[in-house]
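Quick notes on the structure that follows.
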Amino acid sequence: MNTGILGFPVGLVSSVLDLREFDASGSYSIPPETRHITTVVVGGGGGGGGGGRRASGTNSFGGGGAAGGAIVLATFDVRELGLRVGSTLLITIGAGGTAGAGAVADTTSGSNGGAGANTTITVPGLSGTLVTATGGALGQGGSNTAGTAGAAGNRMIYGMTFSAGGGGAGGTNLGGTAVTLSNPYSNGGAGGGGVGTGGAGAAGAGGAINMPTVNTTTVTWPNVTRNTAVMSGGTANTATPPLSANAIAGSTFGGVFGPGFGGPGGGGGGSTSANNGGAGHRGGGGGGGGGALNGVNAGSGGKGGDGYVLILAY
């Protein structure tokens, strides 16, 4: 059992009664002797936008990367909630947003992705929800302007709110915008790269998901290794992303439990092909699809990762 899981109180190992992860909707029965429960609740990630398709000599941009779902980390005293051993918590996992389609007709824009759905924990007999984590914002399709990234949502960590998890904007041959992680709650997708101007169109690479590169960048997570690419963006003029799933399983990243990260964006199409944005995982936002020249299908965005819940009873 790890200690200090995503900010859980350290030193609880001897008193932990149960730890359960949910990647699908279900129910949780509070085990005997439980006095407190700590929950990590992650909304569904948004879907990335599809790449645009334009004539040679015209800017053709990639779609925007979507935002990761909101994250809420909170601890409850079961007695204060009126709960008891055997009480049931109902978990509803928010679906990740749909992927935005890349343009398949000349001189058209890519489609927007879909927003992620909320993840909730409710208690039968109690009004409202115990915890709600909202879904991530969608990435917009690329056109002759960059696909706009999904805006970052709020995280609620032990009553403190901060912003994290936004996507990256689409780009031209200069590449899609990268996303930099500084803590385990940053799980946005990166924007897709598009084709440039002039000639046959110079292809660009998709935005990557990176660790911070300079020591002056604020880092709030001890497991961060600087100057490291978590995932690279899709390469130019290729039909497939660099990894088959284009996502990282959060439960194995850095040896901690928790949400995953978004997929990187697709590379620009140039005159041959464009690749799709990567799919998010556990609330991660989908990457944006690569832009393309007329006559070449643009890349589609990546689907957002479905939400996630972790419950620790002690």
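Does Phe22 qualify as being more than 30 Å from Thr108 (Cα to Cα), at pLDDT 90 or above and in contact with a strand residue (DSSP E or B) (Cβ under 8 Å, 6 or more places away or on another chain)?
Numbers: more than 30 Å from Thr108 (Cα to Cα): yes; at pLDDT 90 or above: yes; in contact with a strand residue (DSSP E or B) (Cβ under 8 Å, 6 or more places away or on another chain): yes.
The answer is yes for Phe22.
Would you point out which residue out of Ile93, Ile30 is crowded, with 16+ Cβ neighbours inside 10 Å and either more than 27 Å from the chain's Cα centre (by Cα) or of a type in the set (Ser, Thr, Tyr) (or both)? Show your work before the answer.
Numbers: Ile93 fails: either more than 27 Å from the chain's Cα centre (by Cα) or of a type in the set (Ser, Thr, Tyr) (or both).
Among Ile93, Ile30, only Ile30 is crowded, with 16+ Cβ neighbours inside 10 Å and either more than 27 Å from the chain's Cα centre (by Cα) or of a type in the set (Ser, Thr, Tyr) (or both).
Out of curiosity, is Thr134 within 21 Å of Ile30 (Cβ to Cβ) and out of contact with any helix residue (DSSP H, G or I) (no Cβ under 8 Å at 6 or more places or on another chain)?
Details: within 21 Å of Ile30 (Cβ to Cβ): no; out of contact with any helix residue (DSSP H, G or I) (no Cβ under 8 Å at 6 or more places or on another chain): yes.
So Thr134 fails the test.
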**Study point:** Positions within the range 173-208 being of a type in the set (A, V, I, L, M, F, W, C) and at pLDDT below 70, in sequence order
**Key:** Ala190, Val195, Ala200
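Of all the residues that make up the range 81-106, how many are more than 30 Å from Arg53 (Cα to Cα) and touching a residue at least 60 places away in the same chain (Cβ under 8 Å)?
Our first condition is that a residue be more than 30 Å from Arg53 (Cα to Cα); within the range 81-106, this holds for 81-94.
When the remaining residues are screened for being touching a residue at least 60 places away in the same chain (Cβ under 8 Å), the result is 88-94.
Counting residues in the range 81-106 that are more than 30 Å from Arg53 (Cα to Cα) and touching a residue at least 60 places away in the same chain (Cβ under 8 Å) gives 7.
Let me confirm something: among Ile71, Ile37, which residue is over 27 Å from Gly207 (Cβ atoms) and not aromatic (Phe, Trp, Tyr)? Talk me through it step by step, then tell me what you get.
Working: Ile71 fails: over 27 Å from Gly207 (Cβ atoms).
The match here is Ile37.
I'd like to know if the range 255-274 contains one or more residues that are modelled with pLDDT under 75 and not in a loop (DSSP other than H, G, I, E, B).
Here is the first cut: in the range 255-274, the residues modelled with pLDDT under 75 are 255-271.
Still in the list and also not in a loop (DSSP other than H, G, I, E, B): 255.
So far as the range 255-274 goes, yes, one or more of its residues are modelled with pLDDT under 75 and not in a loop (DSSP other than H, G, I, E, B).
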Point to revise | All strands (runs of 3 or more DSSP E) inside the range 22-80 with 2 or more residues being over 14 Å from Gln140 (Cα atoms), without any contact (Cβ under 8 Å) to a residue 60 or more places away in the chain and not hydrophobic (A, V, I, L, M, F, W, C) | key: none
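On the basis of being within 21 Å of Gly167 (Cα to Cα), at pLDDT 90 or above and of a type outside the set (Val, Ile, Thr), does Gly68 make the cut?
No, not satisfied.
The values are calculated or read from the model by the stated rules, or taken from the named source; none is laboratory data. Predicted model, so just to flag it, every value in this text is computed and none were measured. FYI the Cβ positions are ideal-geometry reconstructions off the backbone, even for glycines, and counts take in every protein chain you see.
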